[in-house]
Amino acid sequence: NSGNRFDAFLDDDLQEDELLDGDNPEQIISMSGENLISAEAPTPMPPDFLSLDDLMRADDRNDIVVFLLTLDEAMDLIGTQYKAVLHNHRHYRSEGVPASAIMEEYLEAAVSSNMAIQLVQQLEFDLQAQHPHLTTPYRCFATLVLPTVVQHVAETVQEHSSEENANDIIGSSQGIMKQEISMFVGDWLECHCRNPSDRRNQSATIVADFCSKHNVNINGKHSLDQLFEATGIMLKMELPIGPEKRSKQQFEQQVRQQHGGPPRGWLQNMPAIGGDRAIHHTMRLLQAFGSVIRDTPDNKAITSRRGFFGHSPWRAGRARKIQHDLDEFLMSDILPQWVTMCRKGIWGQTTTLPREEELCTLFVVLRRYVQDPDKPVSWSLAFSVHAMLTAILETDGVMEDLMRIGREVFYKYFEQQQHALETMAAKESDFCDSDVYYKNMFCVAFLKNLGLDVFGQRAMWNPLCGGTTFSYLTFFGNLEAGCAIIDCHAQLRITLHLYHALLTAGILETGQIPIMDLIYEKFKSSRAVFEGPPPEQGQFVKAFWISFGMKISDAKAMAESAQLFVDSQQTGYRAHESNQATWRRRRRMHAVEPAELSTAFRRICNRDFHDVVDLYHTAEQRRRARGSDFYLHAVRTNNTLDALDEEARLLSLHLPSVGSILEQFVCSLSRVLQWDPILTSIASIEHSLVDQKRQGLAVLFAQHLLGTLDFAGDPLNREIIPGFPMGLTSSQFMTLFFNAFDPSAV
């Protein structure tokens with residue numbers, strides 16, 4: 001690509017440095033609710049009266065603005081990704097491209113969305129560490145959006161508390177006491193977002209407890225009670241749900257008549273998380289649903305009151321905004337099913353899956369919500385669910401089609417795995433008994449539980465959830481577990497050393513065996529196959545034994561022995577006399593590491609971004625970003641998605657099936673070259689039968705087949721046993737074997 005793949009990254013309309021250079025947060029965040037308390041905007045304290053400590057503490061409002069702007073940019077990025085999914089799916093369909101082609105973009109969108117959730121988790125932690133009084137989103141909104149309410153509470157406390165307490169408040173009204181009051185007002189918002197029956201709802205006591213703590217008299221309590229009720233009305237006008245929407249419409253009509261325009265929302269100038277995509281609306285729904293989770297026994301399913309939150313049944317294709325249009329879908333179809341999945345499914349409370357924090361951040365956040373629904377909704381939870389709703393909104397026109405395709409590809413993967421298992425059981429039953437093969441294949445098969453049909457299809461296969469499941473299957477199930485299977489008995493390194501030797505000797509050419517070209521290209525960089533550059537002719541045997549764990553001196557001795565045998569023109573296979581001694585001096589063999597093969601895996605699963613490069617922003621954009629959190633996130637995301645593009649063919653390989661096919665090839669080659677009778681008689685090492693035969697096969701393979709390709713004057717026609725020219729027989733068999741396989745099997 002010649003330009004940035006995300007328009008959102010190029011948005012310079014509002015930069016962090018522009019805001020911090022003097023803009024007032026009220027210019028960014030609308031203050032519509034303030035008119036319920038005061039018709040005037042809050043008047044800031046004159047600069048002369050601000051101490052250094054006061055100024056430092058005042059930074060909390062600017063930090064909240066920067067935090068929210070980053071959330072808005074990150075959510076806009078998610079929306080951009082899913083717009084691309086929609087566009088490409090329609091394009092593929094019009095061009096007659098197979099429907100499964102969209103899975104690459106599907107995967108990219110889910111990966112970038114989960115990376116954005118991780119960013120929000122870190123930013124939320126940093127915000128709370130820097131400002132301990134901003135522990136909930138409600139307290140952030142109180143500090144940022146309701147400063148007039150906070151000031152009114154402070155004045156009420158000062159006026160109606162005891163003289164001694166009032167003096168303390170006067171002395172600290174711009175400090176600790178002001179922060180405590182903003183926390184108090186934030187807790188009001190939380191009370192109004194909770195269900196009245198919620199046991200954590202402190203509406204009945206929150207004002208009385210505060211007045212008792214600060215010695216506020218009955219008149220002050222009465223004033224605060226009225227303010228508390230007014231705040232509740234303001235919240236419902238900002239975030240109406242169900243029947244409250246009618247009152248909101250009446251309120252908007254009154255405002256239009258009086259002011260000539262509609263009231264502005266709290267996050268009006270943040271289009272991805274404000275307005276009709278208000279993230280705090282999602283927050284209110286989640287907070288209300290929390291008490292439903294807690295009150296529903298584990299053995300009961302949650303049944304929504306259909307139609308309360310919107311049109312029922314919800315139908316894809318008619319949503320135009322998140323607020324209200326997707327309320328019914330979220331509360332009736334998604335959240336109840338996710339509660340069941342977190343209680344009864346693979347995401348149950350006792351199940352912790354490998355790599356879940358890196359690959360399934362969305363699911364981990366949802367599971368924590370189900371496990372502890374009483375807690376105030378966090379920014380991370382609200383952002384995660386809002387990202388899911390954004391993905392649904394942007395793909396609404398084709399969502400059902402995407403869900404069907406994702407589900408079909410998911411189950412096709414396990415059909416391929418089952419075919420590989422059945423083929424191995426029929427042809428190489430000894431190999432299937434191997435613990436390392438069976439256990440890793442079972443680990444992959446276990447992931448089929450991610451898509452059990454007993455759970456709601458829309459909850460499981462909506463674009464973000466379905467893409468996240470596919471991401472987990474791709475990187476953990478297929479790539480990481482697949483790397484443990486593909487060379488579990490050295491079948492990968494044996495096959496690739498042979499293929500490399502045949503190519504280098506000129507017996508085979510690139511393009512004759514397409515599947516081997518792909519496997520060779522993707523795995524030749526692994527230290528498990530070649531420790532260093534692929535060897536030249538004359539180094540085949542030595543390089544193989546080094547990859548097999550021998551010391552360099554022993555590998556060199558084995559190569560010299562192979563050369564002596566080939567030069568002597570002897571015939572007939574023979575075991576090597578130093579076999580047992582060399583095995584005892586072995587180093588540890590290198591495993592096939594997915595991070596060596598896939599930069600995308602290294603970025604996502606190991607969170608290794610040490611070598612990322614900004615390929616898309618201009619020098620001016622980089623200067624203006626000045627290392628901001630979102631700029632760093634954008635660069636990392638771009639690099640990760642570029643790696644996904646480059647590695648599409650590798651990620652499309654069904655590695656457990658490839659490992660099974662390679663094993664069949666090695667076992668079949670042994671029979672073709674008549675090694676089996678020799679291997680059956682080997683009992684020199686105390687290992688399993690499979691391990692003994694494989695180690696013996698390695699000796700015959702290296703010393704005779706690779707030795708011939710390495711040192712024979714005519715490797716194509718050199719015969720060790722009559723009628724079997726080593727180069728010709730092995731190359732013809734490899735060509736016939738791999739070209740006979742249907743590519744759809746892998």
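The values are calculated or read from the model by the stated rules, or taken from the named source; none is laboratory data. Quantities reported herein were computed from a predicted structural model and do not represent experimental measurements. With ideal geometry, Cβ positions are generated from the backbone for all residues, glycine too; neighbour counts draw on all protein chains shown. Note: areas computed on protein heavy atoms with side chains; ligands, DNA, RNA excluded. Shrake-Rupley method; radii C 1.70, N 1.55, O 1.52, S 1.80 Å.
Brief remarks follow.
- Förster radius 45 Å - calculated FRET efficiency between I515 and E244, Cβ distance, rounded to 0.05: 0.15
- Label-point gap, in nm, between E95 and A595 - each point 7 angstrom along Cα→Cβ: 3.6 nm
- Legend: residue pairs K524/K693; K236/K321; K245/K321; K83/K321, Cα-Cα distance threshold 20 Å; pairs beyond threshold, K524/K693.
- Note on E593: accessible area approximately 90 square angstrom, rounded to 10, probe 1.4 Å, nucleic acids and ligands left out.
- Placing a label point 7 Å from the Cα of R404 along the Cα-to-Cβ line, the residues of segment 94-134 whose backbone N sits under 14 Å from it are 99-100.
- Segment D676..N219, full-extension length gain: 154.8 nm, with 0.36 nm per residue of separation and the alpha-carbon distance subtracted.
- Per residue, the convex hull spanned by the Cα atoms of segment 368-415 amounts to 101 cubic angstrom.
- Gain upon complete extension [T303, N717; 0.36 nm per residue less C-alpha separation]: 141.6 nm
- Anisotropy class of segment 481-552 from Cα gyration tensor, a/c 1.5 cut: oblate
- Segment 590-649 - convex hull of alpha carbons, volume per residue in Å³: 82 Å³
- Full-stretch length increase - Q569, E422 - with 0.36 nm per residue and alpha-carbon distance subtracted: 48.6 nm
- Each label point was placed 7 Å from the Cα along the Cα-to-Cβ direction; for S162 and S429 their separation is 8.9 nm.
- Whole-Å distance, taken between Cα centres, linking segment 637-659 and segment 113-143: 33 Å
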